[in-house]
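Structure record follows, encoded as structure tokens.
Read the figures in this text as sums done on the coordinates, not as results from a lab. All values derive from a computational prediction rather than experimental measurement. Heads up, the Cβs are rebuilt from the backbone with ideal geometry, glycines too, and the neighbour counts pull from every protein chain shown.
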Amino acid sequence: MLDLSGNTVLVTGASSGIGAAISRKLAKAGAQVILHYGTDKSGVGALAAEIGAKHMVQCNLSKPRQIKAMIADLAAENCMPDMLVNNAGVQTVAGVLDANKQIWRDINKVNLEAVYGLCKYMAKALIAQKRTGSIVNIASIEGLDPVEGHAHYAASKAALLMYTRASALELGPHNIRVNAVAPGLISRPGIENDWPDGVKRWQDRAPLGRLGTGEDVANGVLFLLSPAAMWVSGHTLAIDGGMGAQNRW
């Protein structure tokens, strides 16, 4: 039920971190993985060699025309994916009173507008080819619960969660499923030194007592893309070690 043999998946922001973990997991499940990158060609090249990916695509996701051209090129080259993981994202820190219009615009260009463009152009291509499809958007638990200094980021992820539900509603009749995962705090090299108080607070409060890993997120993505989730659409899967179960009073 978790076999993706015969499927082709486009993973955005695949060169490192969660994107790389997702790409490894999906390749292991049998999918042909198309690796997207913005600037890190060497990182995505190393990953491609590791997992046997045949296609790497470069695209500035803040440019709608480049997104449209990328999907058109994939369709023209007969390697049009039937699955999409919108993993690429931006996270910056700025308080409500300090953030300016440019900060707001920059984060929404990638976290929201790029997802809109990718979903739209891929869905149109699949419908034209009379193919089914599945999309997973990588959101965040901050789309459900805010954190100080992240109002602009939390707003972009909250909008992404609603866009996931709305697009699932409209694309369902075309047999295209759309879901999201909302990760909690994910471990990365150096995070304990960069944010020791935040890591400690998380570990103290999370019912499962640890930070998440890229593989934890990848497992959820695999499930939502797979035949095991064939009747799941418009759903947000929180991958947060139980943090969402905490009381708020």
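Are any of the pairs Lys54/Lys157; Lys41/Lys68; Lys63/Lys120; Lys109/Lys157; Lys41/Lys101; Lys101/Lys200 more than 22 Å apart by Cα-Cα distance, and if so, which?
Details: Lys54/Lys157 31 Å; Lys41/Lys68 20 Å; Lys63/Lys120 14 Å; Lys109/Lys157 12 Å; Lys41/Lys101 30 Å; Lys101/Lys200 33 Å.
Where the Cα-Cα span goes over 22 Å, the pairs concerned are Lys54/Lys157; Lys41/Lys101; Lys101/Lys200.
Rounded to the nearest whole Hz, the Karplus-based 3J(HN,Hα) values (6.51 cos²θ - 1.76 cosθ + 1.60, θ = phi - 60°) of the range 232-249 follow the sequence 10, 8, x, 9, 10, 9, 6, 10, 9, x, x, 4, x, 7, 5, 6, 10, 9, with x at glycine and proline.
Spacing of the modelled spin labels on Asp106 and Ala46, each 7 Å from Cα toward Cβ, amounts to 2.6 nm. Roughly speaking, what is the centre-to-centre gap between the range 1-45 and the range 102-160 when only Cα atoms are used, to the nearest Å? Centre-to-centre (Cα) distance: 18 Å.
Quickly rank 49-59, 152-162 as a protection proxy: mean count of other C-beta atoms within 10 Å, highest first.
Values: 49-59: 15.1, 152-162: 20.3.
Result, highest mean first: 152-162, 49-59.
Here Thr39 and Glu192 are evaluated by their C-beta separation; at R0 = 41 Å the FRET efficiency comes out at 0.95. The modelled label-to-label distance between Lys200 and Met230, using points 7 Å beyond Cα along the C-beta direction, is 5.1 nm. Remark: the Cα gyration tensor places the range 124-175 in the prolate category, a/c being 1.5 or greater and a/b exceeding b/c. Amide H contacts under 5 Å for Ala238: Ala182, restricted to partners 5 or more places along the chain or on a different chain, H placed in the peptide plane at 1.01 Å from N.
Between the Cα long axis of helix 41-51 and the first principal axis of the chain there is an angle of about 70°, rounded to the nearest 10.
Under 1.5 on a/c is rounded, so check that first for the range 1-63, then, if it is not, pick prolate when a/b is larger than b/c and oblate when it is not; a ≥ b ≥ c are the square roots of the alpha carbon gyration tensor eigenvalues. Write down the numbers at each step before the final one.
Details: a/c = 2.00, a/b = 1.67, b/c = 1.20.
It comes out prolate by the Cα gyration axes.
Gaussian network model of the chain, Cα springs within a sub-10 Å range: biggest mean-square fluctuation belongs to which of Gly172, Gly209, Gly143? Its mean-square fluctuation being the largest, the pick is Gly209.
Across the range 8-240, the mean sequence separation of Cα contacts (distance under 8 Å, 6 or more residues apart), normalised by length, yields a relative contact order of 20 percent.
May I ask you to compute the full-extension gain from Ala166 to Leu208, defined as 0.36 nm times their residue separation minus their alpha-carbon distance, rounded to one decimal in nm?
Numbers: separation 42, 0.36 × 42 = 15.12 nm, distance 3.19 nm.
Going from the current span to full extension adds 11.9 nm.
In terms of the Cα gyration tensor, with a ≥ b ≥ c the square roots of its eigenvalues, is the range 29-83 rounded because a/c is under 1.5, prolate because a/b exceeds b/c, or oblate? Intermediate values should be presented prior to the final figure.
Values: a/c = 2.41, a/b = 1.23, b/c = 1.96.
Because a/c hits 1.5 or more and a/b fails to exceed b/c, the range 29-83 counts as oblate.
Using the Cβ-Cβ distance between Ser5 and His55 with R0 = 22 Å, the FRET efficiency computed as 1/(1 + (r/R0)^6) comes to roughly 0.80.
Go through 225-233, 103-111 and give me the packing order, highest mean Cβ count within 10 Å leading. Before the final figure, lay out each step's value.
Numbers: 225-233: 16.1, 103-111: 18.3.
My ranking of the peptides, most packed first, is 103-111, 225-233.
The modelled label-to-label distance between Gln91 and Ile127, using points 7 Å beyond Cα along the C-beta direction, is 3.4 nm.
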